[in-house]
Amino acid sequence: AYQCKIGPSILNSDLARLGDECKRMLECGADYLHLDVMDGHFVPNITFGHPVVQCTRKEHQTSKTKTELQRFKKNTMNACVIFRLHMMVSKPEQWVKAMAESGANIYTFHLEAAENAEQLIKDIRMEGMKAGCAIKPATPVSKLLDLLYTQMADVALVMTVEPGFGGQSFMRPMMEKVRELRKVHPTLDIGVDGGVGPNCIHHCAEAGANMIVSGSAIMRSNDPRKVITDLRNVVQE
Ligand code: DX5
Ligand code: ZN
């Protein structure tokens, strides 16, 4: 199995204390932060937008070069914090610039919402972010494979629940999509998102996913550090 990175989704956290919740997750060993942006249109729920991302980022210094990283040595944890956005919005083109300026590192849009996904990937990179492309459970993986054939992305995100809410159950049949993606793209970062916890992460890892999003399994636990460690250990077995 691949070495998995664990990114807690803060959707089910105390959003009034978002900055603290992010810090808590990083202290518990999170590899990156998964921020769910919802517009009430692409999905039947609303979370937050770039003003909130910007304020949260201010508490976690970004640094893009190695020298900058070294300067942060004492505070490496904050220096390398990766903000990965999961944009569940109808017009993903609209927020690229604002999110880049707010300090996001990875901009994951939904293939179903993009008017011109190839161009969008280029625009995201032009703004200095990595580009991710997500697909909903009903979207065939062939559509994503077609896109990656003409325009490579940095991350492919396979939804394992219907986007909109945390705490739903993991859809195991989606692992077939992960498997197909992995077959064609051995080095691509492939993520799974929705209902992933210690009892199903092995399915994800076996299929070839290496970026694991986990929301309620981590956030609702009274020992999130243990859950993050368990998620890693299951994969290494
Ligand atoms: C669903 C979100 C997910 C989700 C993860 O719309 O994109 O990131 O909140 O949370 P759990 O692990 O609870 O499904
Ligand atoms: Zn998400």
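Read-outs throughout are calculated quantities, based only on the coordinates presented, and are distinct from any laboratory measurement. Keep in mind that what you see is a predicted model, and the values were worked out from it rather than measured. Cβ sites come from the backbone with ideal geometry, for glycine too, and all protein chains shown count toward neighbours.
Here are a few things to note about the model shown:
- Estimated from helical segments only, the mean residue ellipticity of the chain at 222 nm is -10000 deg cm²/dmol, where each DSSP H run of four or more residues counts as -39500 (n - 2.57).
- Considering only Val184, Thr56, Val158, the residue lying farthest towards the positive end of the dipole of segment 5-236 is Thr56, judged by Cα position with unit charges set on Cβ.
- DSSP beta bridges in segment 5-236 [antiparallel fraction, %, rounded to 5]: 5 percent
- Extreme residue, positive dipole direction of segment 5-236, given options Pro140, Ser13, Phe109 (C-beta unit charges): Ser13
- Placed amide H near Lys5: partners under 5 Å, 5+ positions off or other chain: Met211, Ile212
- Values of log10 I(q)/I(0), in the order q = 0.09, 0.10, 0.13, 0.16 Å⁻¹, for the chain under a Debye, Cα-only, solvent-free model: -0.33, -0.42, -0.73, -1.16
- Spatial offset of segment 170-196 relative to segment 1-27 amounts to 21 Å, using the alpha carbon center of each.
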